[in-house]
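J.: Okay, handing you the structure first.
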Amino acid sequence: MDLASRYKGVVGLVFGNESSATNEDSYVERLLDRISNGVLAEDRRNAMAELQSVVAESRAAQMAFGGMGFPVLMGVLKEERDDIEMVRGSLETLVSALTPIDHAKGPKNEVQPALMNTDLLSREAENISLLLGLLSEDDFYVRYYTLQILTALLTNSPNRLQEAILTIPRGITRLMDMLMDREVIRNEALLLLTYLTREAEEIQKIVVFEGAFEKIFSIIREEGGSEGGVVVQDCLQLLNNLLRSNTSNQILLRETIGFDALISILKLRGSAYSFTQQKTINLLSALETIKLLIIRGSEAGSGVDTNKLTNQTALVQKKVLDYLLMLGVESQWAPVSVRCGALRCVGDLIAGHPKNRDALATKVLGEEPQVEPALNSILRIILRTSSIQEFMAADNVFKIFCERNSEGQTMLASTLIPQPHSMTHAPIEEDVNMSFGSMLLHGLTLGESDGDLETCCRAASVLSHILKDNMQCKEKVLRIELESPTPSLGVPEPLMHRMVKYLALASSMKNKDGNAPGNLFVQPIILKLLVTWLADCANAVQCFLDSRPHLTFLLELVSNPSATVCIRGLAAVLLGECVIYNKSSESGKDAYTVVDAISQKVGLTSYFLKFDEMMKSFHFSSTKPAESLKPLTRSAAASMAEIEDVDEQDSSDQKIKDHPILSSTFDSFFVNFVSKLEADIRETIIDVYSRPKSEVAVMPAELEQKNEENDKDYIKRLKLFVEKQCSEIQNLLGRNATLAEDLAKTGGGGSSQPEQRASGGLERVQTETLRRDLQEANQRIEMLKAEKVKIESEASMYQNLAGKMESDLKSLSDAYNSLEQANFHLEKEVKALKSGGGSSILDIEAVKAEAREEAQKESEAELNDLLVCLGQEQSKVEKLSGRLADLGEDVDALLQDVGDEMSGLPDDDDDEEEQD
């Protein structure tokens with residue numbers, strides 16, 4: 001009674017008319033009383049029929065029945081199984097009680113009695129067990145109504161019903177038996193199993209163990225395959241539930257039944273040109289099954305990869321590639337959704353599978369003599385299709401084909417041969433007989449005359465896949481030159497320069513027409529091509545900088561406020577590549593020139609902020625490695641069957657942000673590549689900016705005196721060297737002040753934490769660079785100081801040596817004077833002796849002459865030695881005097897007192913002469 005009173009209270013609260021709700025309660029209560037306590041069987045059956053009718057029509061009656069009716073009807077089902085009419089009536093009444101009654105005028109937040117009844121019935125596991133037991137009854141309607149009740153319970157309370165069925169012995173077995181029942185019951189059982197196996201791995205395993213694969217494909221064959229009705233769709237949805245992220249079930253399907261039955265659904269039969277909505281949905285469901293078998297599982301284990309590769313191999317061996325190419329490429333009358341689904345499956349089939357890639361490269365389509373390679377046909381779809389979804393699906397095939405496939409990239413690049421001018425401007429319909437490369441170049445140059453750059457950017461997307469991580473292809477395409485639009489007036493220009501021209505043209509068209517979605521993705525795709533092309537390719541950087549306006553245009557694009565955040569960011573990345581991959585030493589094209597232009601025109605801080613803005617943008621921040629494949633349910637199938645492209649006329653910000661081509665362009669691989677490149681760009685640009693262009697490498701040889709260099713020139717060169725180093729230090733300090741000023745302007749309180757970290761990191765790098773340069777300059781100054789001390793020491797030594805030589809010279813002069821005095825005394829004695837006698841005079845004269853001769857010889861020898869020494873010392877004195885003068889010393893002051901100290905020494909020689 002408490003439960004009943006609670007429900008009655010809810011009825012009054014919901015419907016507001018308490019008397020009306022009370023009347024319904026009393027009426028339902030009287031009917032239930034007649035069913036449970038009635039004596040006549042006919043009266044009880046009439047009461048059951050009336051109860052079913054009122055519950056089916058009145059929400060108040062549904063609410064009242066939920067409060068008091070379940071015990072009565074469940075008792076009938078449990079105790080009166082022999083009375084088929086009462087059992088049927090009870091089941092039909094339960095179906096009515098669980099079926100929502102739509103009231104368009106009711107409030108949206110109105111309580112749903114059907115949902116409350118479903119919750120009440122599913123709480124008791126005994127009720128579910130009782131219902132499953134009724135599936136073994138022979139009566140058709142008993143089984144049919146029972147399946148409807150279980151489906152209603154599963155729709156509103158899936159987890160509770162799944163848990164209850166797993167605890168009931170043979171519960172799922174009974175449901176699987178219904179698949180072999182009459183058509184109506186079979187269809188209800190299919191729906192029930194489809195709901196039941198969604199995200200329930202244990203139930204999936206039991207269903208497969210009960211032979212689900214054989215029964216599913218048997219029903220599909222009976223219904224006519226893809227030409228069948230909604231039953232085929234239900235079967236494929238059940239199959240997809242069993243295979244989704246379930247490796248063991250995929251292996252079981254492959255090793256028992258195989259993939260032949262699945263692939264046969266994709267075969268187009270006699271009515272190939274007729275695609276009804278149901279046929280389209282059936283084909284989409286089959287394509288989803290193929291995709292589930294060849295996508296990476298939820299776990300990144302080696303077993304999952306092995307299973308994926310095995311499925312890819314088995315499917316291609318069964319010729320599924322031919323059927324997919326028929327659906328996606330050759331059957332242009334097929335719906336866009338089917339063509340897109342088939343092309344996506346082609347991409348998944350060749351992903352990470354070299355043999356399948358080679359198989360696709362060798363495929364030819366059409367009939368003799370009109371045959372062409374499959375890749376050419378897919379490229380034509382990219383260039384011609386009016387569907388954005390189809391372009392993305394076909395472009396994805398080339399993206400996957402070129403991923404880690406250098407041979408395939410080289411094969412495609414080898415066909416890139418420019419056509420004559422007449423062929424270049426031929427209509428796109430005349431490209432049937434062109435090679436792959438010629439068709440691609442035709443697409444790259446097609447939009448030049450009429451200003452339609454969409455075809456050009458689509459071809460640029462394919463070219464970026466061909467060039468990705470392949471240096472050989474980059475160098476080859478770099479050599480391609482295109483004829484001028486007017487060959488008589490112009491010279492051929494490199495393909496890269498033509499791409500930059502189209503980038504500038506797209507920018508001007510966008511500025512003129514506003515943010516037109518038609519051109520929204522042209523600039524990002526061309527920028528992505530250029531970023532991919534210049535990556536790790538110095539020759540490509542050189543080719544890009546060969547035209548001076550290119551650098552100016554990029555600087556303007558980075559600062560263009562009307563450009564999107566992603567376009568400004570990609571332009572900044574392209575500028576950064578011109579620095580980090582620049583090997584040129586030519587003035588005006590080297591890395592320093594680019595960095596200096598960025599600093600002057602944009603400012604380093606503003607330039608680095610472009611990276612931060614781009615990485616925070618929608619497409620970069622929301623990119624995920626892999627997108628999970630959602631189930632194709634009945635509700636989603638109708639919308640999938642009629643894919644509508646992005647509205648080209650809708651230029652709202654949200655539509656621009658969610659544009660599918662932009663999401664495809666900025667995939668996870670490209671986002672990761674740009675993120676890694678950003679760190680290298682920041683470090684390299686700061687390093688280049690912090691060092692002057694005329695940076696001097698300090699070599700020990702520059703501090704040594706050259707052989708033919710005199711001391712004066714040597715000292716002058718050392719002074720110039722020091723002045724140069726000081727000038728460079730001042731330049732570095734000025735740059736540091738500029739950076740500090742920029743950081744002060746942009747590093748205010750409104751900046752976010754990542755910006756503060758970026759600015760802090762930049763400041764730390766700059767400070768560390770300046771500290772290192774200052775340490776080197778201090779070391780140079782210390783070396784020069786040590787050299788000066790050494791030179792002053794040598795000058796002092798030579799000064800002392802000059803003083804000693806001067807003292808020796810004075811001593812020799814005194815000795816000479818002593819000899820002269822001795823000679824004078826001897827002459828006086830000789831004169832005295834002459835006056836004394838003749839013979840003695842002769843003897844004395846002889847002795848005197850002999851003594852004079854010997855003295856003269858000795859003095860001449862000593863004088864010669866002294867003159868030699870004086871000459872040597874005089875040259876040293878002159879050399880030292882010049883060097884001291886260069887050092888700033890007063891030579892005359894130093895030599896003023898030289899020799900005075902020796903003037904007071906005694907004349908020993910004179911004393912000796914006097915004694916003699």
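The values are calculated or read from the model by the stated rules, or taken from the named source; none is laboratory data. Bear in mind the structure is a predicted one, so any value in this text is a computation, not a measurement. Positions of Cβ are backbone-derived with ideal geometry, glycine not excepted, and every protein chain shown enters the neighbour counts. Quick note on the areas: whole protein, heavy atoms, side chains included, nothing else; ligands and nucleic acids left out. Shrake-Rupley method; radii C 1.70, N 1.55, O 1.52, S 1.80 Å.
J.: Hey, can you rank 604-617, 144-157 by average C-beta count inside 10 Å, highest first? Kindly include the intermediate steps, with their values, before the conclusion.
T.: Working: 604-617: 19.9, 144-157: 22.4.
Averaged packing, sorted descending, gives the order 144-157, 604-617.
J.: Turning to a different aspect of this structure: Please give the length that would be gained between residue 46 and residue 872 if that part of the chain were fully extended, namely 0.36 nm times their separation in residues minus their C-alpha to C-alpha distance (nm, one decimal). All intermediate terms of the calculation are to be shown ahead of the outcome.
T.: Details: separation 826, 0.36 × 826 = 297.36 nm, distance 14.86 nm.
In short, 282.5 nm is gained.
J.: Where the accessible area of the stretch 306-421 is counted over protein heavy atoms with a 1.4 Å probe, how much of it, in %, is carbon and sulfur?
T.: Numbers: 2490 of 4530 Å².
The C+S portion of the solvent-accessible surface of the stretch 306-421 is 55 percent.
J.: How would you rank 178-191, 384-397, highest first, on the average number of other Cβ atoms within 10 Å across their residues?
T.: Numbers: 178-191: 18.4, 384-397: 21.3.
Put in order of decreasing packing, that is 384-397, 178-191.
J.: Turning to a different aspect of this structure: Any idea of the accessible area per residue across the stretch 292-415, 1.4 Å probe, to the nearest Å²?
T.: Values: 4980 Å² over 124 residues.
With the other protein chains kept in place, the stretch 292-415 gives 40 Å² per residue.
J.: Whole number in Å², please: accessible area per residue of the stretch 539-592, 1.4 Å probe, ligands, DNA and RNA not counted. Before the final figure, lay out the partial values.
T.: Numbers: 1950 Å² over 54 residues.
Dividing the accessible area of the stretch 539-592 by its residue count gives 36 Å².
J.: Where the accessible area of the stretch 196-259 is counted over protein heavy atoms with a 1.4 Å probe, how much of it, in %, is carbon and sulfur? Don't jump to the answer; show the numbers that get you there.
T.: Numbers: 1200 of 2440 Å².
Looking at the stretch 196-259 in its full context, I get 49 percent from C and S.
J.: Using a 1.4 Å probe on the protein heavy atoms only, what accessible surface does residue 192 show? Give it in Å² to the nearest 10.
T.: 0 Å²
J.: Now for a different question. Percent of accessible area on the stretch 69-187 owned by carbon and sulfur, 1.4 Å probe?
T.: Working: 2700 of 5650 Å².
Within the stretch 69-187, the accessible surface is 48 percent carbon and sulfur.
J.: Quote the accessible area belonging to residue 371 in square angstrom, nearest 10, computed with a 1.4 Å probe and with ligands, DNA and RNA left uncounted.
T.: About 60 Å², rounded to the nearest 10.
J.: Going down the table (279/528; 318/468; 308/476; 810/876), which pairs top 28 Å between alpha carbons?
T.: The answer is 279/528; 318/468; 308/476.
J.: Here's another thing I want to ask about it. Estimate the FRET efficiency between residue 827 and residue 709 by the formula 1/(1 + (r/R0)^6), using the beta-carbon distance for r and 60 Å for R0, to the nearest 0.05.
T.: Working: r = 57 Å, r/R0 = 0.95.
After rounding to 0.05, the efficiency reads 0.55.
J.: If you don't mind, another one. On the full set of protein chains, 1.4 Å probe, figure out the accessible area of residue 587 and give it in Å² to the nearest 10.
T.: 80 Å²
J.: Quickly rank 305-318, 456-469 as a protection proxy: mean count of other C-beta atoms within 10 Å, highest first.
T.: Values: 305-318: 17.4, 456-469: 24.6.
Highest mean packing first, the order is 456-469, 305-318.
J.: Which sequence of 251, 128 reflects their accessible areas, 1.4 Å probe, from the largest down? All intermediate terms of the calculation are to be shown ahead of the outcome.
T.: On the way: 251 55, 128 0 Å².
So the residues, ranked largest to smallest area, are 251, 128.
J.: Net charge near residue 798, counting Lys/Arg +1 and Asp/Glu -1 over other residues with Cβ under 9 Å of its Cβ?
T.: Its environment carries a net charge of +2.
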